[in-house]
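Reading through the structure tokens given below for one structure.
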Amino acid sequence: MSRKTDKIQQNGITGQERTSGLLSERFWVLKRQVDIHGADFLVQLQYETETFSDPLPPRLCTVQSKYCQDRNTSHEIPAKYVLDEDGQPRRGFFLLIHMGDSDDNIRFLLSAAEIRSALRHDEKKDVFKIQAGTAYTDTFQKKTGKSVLDIIEKELIELRDMDRLRFNIPFYEIKRTRIDRKWIIPIPNEHEFIPDAVFFLKNLIRMTLEENAAEYEIMAKIMTENDVSVIISLLDKLEDWIDQDSDAPQMTVLDVKGNIRELHGSLAKAVAIHARRLELLCEDENKIRSFIDFCNSVGEAGYRIFEKMKPVKQRVSANSYQFLPVRCTIKFDVEPGNHDRVVIDEISGDPSVLPALTANERRVEGQIFTDFLGDGRAGGLRDMNRLIVSACAVYFDALFPDDAVVSPKMPKVMAD
């Protein structure tokens, strides 16, 4: 590590220590490291009666710390920390800059709105520049630690009160797996991957509950209903509400009603296909037992192998690496009763040179860790889940060759 890097890291630690010490005087604080220049501190009001398991969880503010030796020191802060997807300042985000030694500590505090209005935005790098003449001014300098804490506390209280005014509805825990088991069976489906579709639908309904009290009763039933066919009948009752003012400008970026309308149509088709193919399976006890046994076997094998998997780490330069996906195959026997003959391999070398298959064998291929930097291991688990679902679709196709499966939908959600 160079002397310059050592100095930058030491300055970062100095800023973090001062920030942590100050914030801890009034808030509960959780630290999250950002880079060697600074860290994020998540702060919560110290109210013993509020917990994150409450129907209305406590609000958090994010305080990013920086340390500057003097007014000639410059920093950058990514715009995505400051602005939301609509380009609006994020409520509850603050930048706290410390300058000088411990005996003469100078503090500057900027909210997200102040960062957007006062600091220069480098659009090419998509960062805000923290430098003399903009950030280090009397406008943002705070004479005492108390003034810093007062501003952050005021923001937390305002955010909490806003939530209490608009969030007077029950809390619903939404999970992909919280539907009846018959809808979780990975029967291939060209319209929707049903657990994901219901997950997205319930999230959309959750967004609209607070604004649509008249339809609350129907929506509340959807949120707690586990039978997907019943969900469809409840959606039918909401059609008039969904269709009203369909051409009017939307108040939010997402066209919530439009998305619900689209999901209603595709999920209804998916339910019909799933029910028909489930009936096919149930007509032959040997086939449904073989299909479910295979899905269990390939799932258990896939998740067991995944625990040992890592993305390929490739050196790009002397000081940097990139992570490449792992090519993976699942080979299996489609003969009923041979569900346990599942072989999962990582492919190295030429993926086109693979052992020949027998008449009853099938193989599916896919990449695991397609975006490791963005999604981490959760994304890799989603990739493995997609490969498992692909294998189940091929197995189903072998059991019912007359019911051709064309491009079945794959899971999108990473994890519950």
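The values are calculated or read from the model by the stated rules, or taken from the named source; none is laboratory data. No experiment lies behind these values; they were computed from the predicted model shown. Every residue, glycine as well, gets a Cβ built from its backbone with ideal geometry; the counts of neighbours run over all protein chains shown. These accessible areas exclude ligands, DNA and RNA; they are computed on the full protein's heavy atoms, side chains included. Shrake-Rupley method; radii C 1.70, N 1.55, O 1.52, S 1.80 Å.
Quick check: anything in region 41-63 under 21 Å from LYS125 (Cα atoms), part of a strand (DSSP E or B) and either open to solvent by less than 70 Å² (accessible area, probe 1.4 Å) or at pLDDT 80 or above (or both)? I'd like the intermediate steps shown before the answer.
Start the filter on region 41-63 by keeping residues that are under 21 Å from LYS125 (Cα atoms), which leaves none.
No: zero hits.
Kindly state which strands (runs of 3 or more DSSP E) lie completely within region 99-218 and contain at least 1 residues that are in contact with an Asp or Glu (Cβ under 8 Å, 6 or more places away or on another chain), modelled with pLDDT of 90 or more and of a type outside the set (D, E, K, R). Break it down stepwise before answering.
Values: elements: 106-111, 120-122, 127-130.
Strands (runs of 3 or more DSSP E) meeting the threshold: 106-111, 127-130.
What pairs come out if I take residues in region 220-241 that are of a type in the set (Ser, Thr, Tyr) and pair them with residues that are surrounded by 16 or more Cβ atoms within 10 Å (Cβ to Cβ) whose C-beta lies under 7 Å away, six or more apart or interchain?
SER229/VAL271
Does ARG386 satisfy the condition of being in contact with a Pro (Cβ under 7 Å, 6 or more places away or on another chain) and in contact (Cβ under 8 Å) with a residue 12 or more places away in the chain? Can you show your working first?
Numbers: in contact with a Pro (Cβ under 7 Å, 6 or more places away or on another chain): yes; in contact (Cβ under 8 Å) with a residue 12 or more places away in the chain: yes.
So ARG386 fits the description; yes.
Picking from ILE130, ILE97, ILE115, ILE106, which residue would you name as being without any contact (Cβ under 8 Å) to a residue 40 or more places away in the chain and open to solvent by less than 10 Å² (accessible area, probe 1.4 Å)? So that I can check it myself, show each step before the final result.
Numbers: ILE130 fails: without any contact (Cβ under 8 Å) to a residue 40 or more places away in the chain; ILE97 fails: without any contact (Cβ under 8 Å) to a residue 40 or more places away in the chain; ILE106 fails: open to solvent by less than 10 Å² (accessible area, probe 1.4 Å).
Only one candidate qualifies: ILE115.
Take ASP345 and tell me if it is under 31 Å from the mean Cα position of the chain (by Cα), part of a strand (DSSP E or B) and not basic (Lys, Arg). Reasoning before the result, please.
Details: under 31 Å from the mean Cα position of the chain (by Cα): yes; part of a strand (DSSP E or B): yes; not basic (Lys, Arg): yes.
Here the answer is yes, as ASP345 does meet what is asked.
Given the conditions (1) surrounded by 15 or more Cβ atoms within 10 Å (Cβ to Cβ); (2) at positive phi; (3) not basic (Lys, Arg), and given that SER297 satisfies all but one, which numbered condition is not satisfied?
SER297 satisfies all of (1) surrounded by 15 or more Cβ atoms within 10 Å (Cβ to Cβ); (2) at positive phi; (3) not basic (Lys, Arg) except (2).
Each row is one residue, and each column tells you yes or no for (1) under 28 Å from the mean Cα position of the chain (by Cα); (2) surrounded by fewer than 17 Cβ atoms within 10 Å (Cβ to Cβ); (3) modelled with pLDDT under 90; (4) not aliphatic (A, V, I, L, M).
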| residue | (1), (2), (3), (4) |
| --- | --- |
| PHE306 | yes, no, no, yes |
| LYS310 | yes, yes, no, yes |
| SER320 | yes, yes, yes, yes |
| ILE388 | yes, no, no, no |
| ALA391 | yes, no, no, no |
| ALA404 | no, yes, yes, no |
| ALA415 | yes, yes, yes, no |
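In this structure, does LEU373 turn out to be part of a helix (DSSP H, G or I), over 24 Å from ILE185 (Cβ atoms), in contact with a strand residue (DSSP E or B) (Cβ under 9 Å, 6 or more places away or on another chain) and not acidic (Asp, Glu)?
Numbers: part of a helix (DSSP H, G or I): yes; over 24 Å from ILE185 (Cβ atoms): yes; in contact with a strand residue (DSSP E or B) (Cβ under 9 Å, 6 or more places away or on another chain): yes; not acidic (Asp, Glu): yes.
Taking the combined requirement at face value, the residue satisfies it.
Would you point out which residue out of GLU85, GLU76, GLU123 is over 25 Å from the mean Cα position of the chain (by Cα) and either surrounded by fewer than 14 Cβ atoms within 10 Å (Cβ to Cβ) or farther than 24 Å from ARG18 by Cα (or both)? Even if it seems obvious, please write down each step before you answer.
Details: GLU85 fails: over 25 Å from the mean Cα position of the chain (by Cα); GLU76 fails: either surrounded by fewer than 14 Cβ atoms within 10 Å (Cβ to Cβ) or farther than 24 Å from ARG18 by Cα (or both).
Going through GLU85, GLU76, GLU123 in turn, the sole match is GLU123.
Note down all Cβ pairs under 9 Å where the first residue falls in region 17-40 and is in a helix (DSSP H, G or I), the second is open to solvent by less than 50 Å² (accessible area, probe 1.4 Å) and at pLDDT below 75, and they're at least six residues apart or on different chains.
THR19/GLY38; THR19/ALA39; SER20/ALA39
Residue-by-condition table, conditions (1) of a type in the set (Asp, Glu); (2) touching a Gly at 6+ places or on another chain (Cβ under 6 Å); (3) open to solvent by 80 Å² or more (accessible area, probe 1.4 Å); (4) modelled with pLDDT under 85:
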| residue | (1), (2), (3), (4) |
| --- | --- |
| SER348 | no, no, yes, yes |
| LEU354 | no, no, no, yes |
| GLU361 | yes, no, no, no |
| VAL364 | no, no, no, no |
| THR370 | no, no, no, no |
| GLY379 | no, no, no, no |
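If LEU399 passes every condition in (1) under 23 Å from ALA197 (Cα atoms); (2) surrounded by 14 or more Cβ atoms within 10 Å (Cβ to Cβ); (3) out of contact with any Ser or Thr (no Cβ under 6 Å at 6 or more places or on another chain) but one, which one does it miss?
Here LEU399 clears every test but (1).
Out of region 83-112, which residues are over 12 Å from CYS61 (Cα atoms), of a type in the set (A, V, I, L, M) and touching a helix residue (DSSP H, G or I) at 6+ places or on another chain (Cβ under 9 Å)? First the steps, then the outcome.
Pass one, region 83-112, residues over 12 Å from CYS61 (Cα atoms): 83-89, 96-110.
The next check asks that each one be of a type in the set (A, V, I, L, M); those that pass are 83, 96-97, 99, 106, 109-110.
Across region 83-112, the qualifying residues are LEU83, LEU96, ILE97, LEU109, LEU110.
Looking only at region 279-293, which residues are closer than 21 Å to ALA404 by Cα and surrounded by 15 or more Cβ atoms within 10 Å (Cβ to Cβ)?
Of everything in region 279-293, those that are closer than 21 Å to ALA404 by Cα and surrounded by 15 or more Cβ atoms within 10 Å (Cβ to Cβ) turn out to be LEU280, LEU281, LYS287, ILE288, SER290, PHE291, ILE292.
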